[in-house]
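A short worksheet on the structure shown next.
The values are calculated or read from the model by the stated rules, or taken from the named source; none is laboratory data. Since this is a predicted model, take the numbers as computed values, not measurements. We place every Cβ from the backbone using ideal geometry, glycine too, and count neighbours over all the protein chains shown. The protein model used for the area step is the full one, side chains on, heavy atoms only, and it has no ligands, DNA or RNA in it. Shrake-Rupley method; radii C 1.70, N 1.55, O 1.52, S 1.80 Å.
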Amino acid sequence: MFSLRLLGGLELASSEGPVSGRMGQRRQLALLAALAVAGNRRTSRDKLLALLWPETDTERARHLLSDTIYVLREALGEDVVSTVGDDVVLNPLRVTSDVAEFRKALEGGDLAQAVRIYGAAGAFLDGVHVTDSAEFERWADSVRDELASDYRRALEQVALDAERRASYTEAVGAWRQLAAADRLSSRVAVGLMRALTAAGDRAGALEFSRTHERIVRAELDCEPDAAVVAFANELRAKDATRPKSADRTERLPQAQASDSPIAVPQAAEAPVGRSPVRQLGYGLVALLLLTTAGYGALLMRGRFARSAGSVADASLVVLPLADLS
């Protein structure tokens, strides 16, 4: 069993590792790529000649194709490539490819798996070129666009499914991947902004709107789509009219739920029956009693001094005051 990597590059490998030698040459791998993309469908020799040897006369091109098929069979096995009349077909039981797995996941409705296969690899035949074959380049571009479009549709459906389940973190991740794959799409930009808002990241939604606007102006030299601008303005308007007390109220549960809660000091309670007002009243009463007592003592002292000059000076003792209230 051999595996052919077509997404993100071009490489043939077996269970022992990459296949080298004549099978590692670009023409042989390009022929395998064309047959792998065709899948179970037969490919005519004329089409293969036009893809790989467009500048070569027909007789010479047919000889080169036959020689390439011979190399494939010799290196990988006789049953790897079958010829039926003037058509050629690849045996999928002997050579698998990531493109075939991607399409199988799409057809089976396993969109998440399809997204993982394509997202982990990249574009079809990325960085691969066949010299002296503009036709092969055009064909590769066409297949690349088709697969990329299938990937974006699957990714958007994954994001929408996540939103329906209220899995907003998953939805944001899918929309971000889609925004990276289709940076100029206003529809994708709004989708990501809505998902971020639903996930509670309004600041992130506004930040992405600014990023999207810069990309559009830089690459298209025009203003961003009205839908993106309108949604960003809607978010700013809501933030402007939002009461600050509401923000504090919303942040409070998060602070209490954090790993390091902040303790709020509580005011010490006054003893029962000993309020500050009552204590002040007690002080004023005591001061008034002391003043009256002192004044009376002075009067008494003057009287004793006049009636009995030999009598020793009187003393005044103030006893503790009892709370009779």
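Quick notes on this structure:
- Of the peptides 220-229, 2-11, 145-154, the ranking by mean beta-carbon count within 10 Å, highest at the top, reads 2-11, 145-154, 220-229.
- Segment GLU16-ALA148, length gained on full extension (0.36 nm per residue, minus Cα span): 44.5 nm
- Each label point was placed 7 Å from the Cα along the Cα-to-Cβ direction; for ASP67 and GLU207 their separation is 5.9 nm.
- Residue ranking by accessible heavy-atom surface, 1.4 Å probe, largest first, among VAL19, VAL128 comes out as VAL19, VAL128.
- Rolling a 1.4 Å probe over the protein heavy atoms of region 1-141, with every protein chain left in place, gives an accessible area that is 47 percent carbon and sulfur.
- Radius 15 Å from Cβ of ALA198, net charge of other residues (Lys, Arg +1; Asp, Glu -1): +1
- Summed residue charge, Cβ within 11 Å of GLY9's Cβ, Lys/Arg positive, Asp/Glu negative: -2
- Probe 1.4 Å, protein heavy atoms only - accessible area per residue of region 113-195 in square angstrom: 49 Å²
- Ranking of ARG22, ARG144, ARG62 by solvent-accessible surface, largest first: ARG22, ARG62, ARG144 (1.4 Å probe, protein heavy atoms only, all chains present).
- Over all other residues within a Cβ to Cβ distance under 12 Å of LEU220, the charged ones net out to -2, with Lys and Arg as +1 and Asp and Glu as -1.
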